[in-house]
Amino acid sequence: MKKTKKTNDCCAPEYPYHSSELGRINRAIGQLDGAKRMIEERRYCPEILALLRGARSAIKSVEGNILETYLGSCVTNAFAAGQAKDRKREIEKLKEIFKRFEE
C-alpha cells in the first residue's frame, strides 16, 4: 500500500503519496532542460523533437499513474462509503479530469 499524506480536502481523509512518480518528473524536467539547451545551441530539429517526445511520454506516464491511484483510492472510497453526495462529487471530478485529458 502507498504511503499517504494527511489533508482535509479529499474524499478520503488522506491523499495518496506519489513519491514514486518523482523519478519520471525529474526525467521530464531533464529532457525539457536538454531541449531548451539544444534550442539555444541551434541543434538539429529531430534531436530536439526526440527529447520533447520523451518528456511528453514521461508526463503522460505520471498522469496515468496518478489517475489510476485516484480511481483506486478516493473514487473507490467514495463509492464504498455509500454516501450519494460523495459519489456524485467524485463523478463530477472525474468528468472534469477526462474533459481536460481531451485537450
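The values are calculated or read from the model by the stated rules, or taken from the named source; none is laboratory data. Since this is a predicted model, take the numbers as computed values, not measurements. With ideal geometry, Cβ positions are generated from the backbone for all residues, glycine too; neighbour counts draw on all protein chains shown. Side chains are part of the model used for accessible areas, which takes the heavy atoms of the whole protein and leaves out ligands, DNA and RNA. Shrake-Rupley method; radii C 1.70, N 1.55, O 1.52, S 1.80 Å.
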Original post:
Any idea of E40's accessible area? Nearest 10 Å², probe 1.4 Å.
Top reply: 120 Å²
Original post:
Taking a 1.4 Å probe, which of L67, L49, L32 shows the most accessible area, and what order do the others take after it?
Top reply: L49, L32, L67
Original post:
For the stretch 23-64 and the stretch 65-103, what is the separation of their Cα centres, given in Å?
Top reply: 30 Å
Original post:
Using modelled amide H (1.01 Å from N, peptide plane; none on Pro or chain starts), what sits under 5 Å from the amide H of Y15, excluding residues fewer than 5 places away?
Top reply: K5, T7
Original post:
Got a number for the accessible area of C45? Probe 1.4 Å, square angstrom, nearest 10.
Top reply: 90 Å²
Original post:
Quick one: helix 22-40 against the long Cα principal axis of the chain, what's the angle to the nearest 10°, folded into 0 to 90?
Top reply: 30 degrees
Subject >> Within the chain, longest stretch clear of exposed chymotrypsin sites (Phe, Trp or Tyr not before Pro) (DSSP loop, no more than 12 other Cβ within 10 Å) >> reply: 45-103
Original post:
How large is the charge dipole for the stretch 20-60, taken about the Cα centre, if only the Cβ atoms of Lys, Arg (+1) and Asp, Glu (-1) carry charge, to the nearest 20 debye?
Top reply: 120 debye
Original post:
Whole-Hz Karplus ³J(HN,Hα) for the stretch 47-56, in order, using 6.51 cos²θ - 1.76 cosθ + 1.60 and θ = phi - 60°, x for Gly and Pro?
Top reply: 5, 5, 4, 5, 5, 5, 5, x, 5, 4
Subject >> Gain upon complete extension [L52, I29; 0.36 nm per residue less C-alpha separation] >> reply: 7.3 nm
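Can you give the relative contact order of the stretch 17-103 as a percent, counting alpha carbon pairs under 8 Å and 6+ residues apart?
Relative contact order comes out at 26 percent.
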**OP:** Give me the number: length gained by fully extending R100 to C45, i.e. 0.36 nm times residue separation minus the C-alpha to C-alpha distance, one decimal in nm.
**Re:** 16.9 nm
**OP:** Taking the chain as the reference, fit the longest principal axis to its C-alpha atoms, fit the long axis of helix 84-102 to the helix C-alpha atoms, and give the angle between the two in degrees, 0 to 90, nearest 10.
**Re:** 20 degrees
**OP:** May I ask you to list the trypsin sites (Lys or Arg not before Pro) in the stretch 21-103 that are in a DSSP loop and have at most 13 other Cβ atoms within 10 Å of their Cβ?
**Re:** R42
**OP:** With runs of 4+ DSSP H residues as the only contributors, calculate the mean residue ellipticity of the chain at 222 nm using -39,500 (n - 2.57) per run, divided by the residue total and rounded to the nearest 500.
**Re:** -23000 deg cm²/dmol
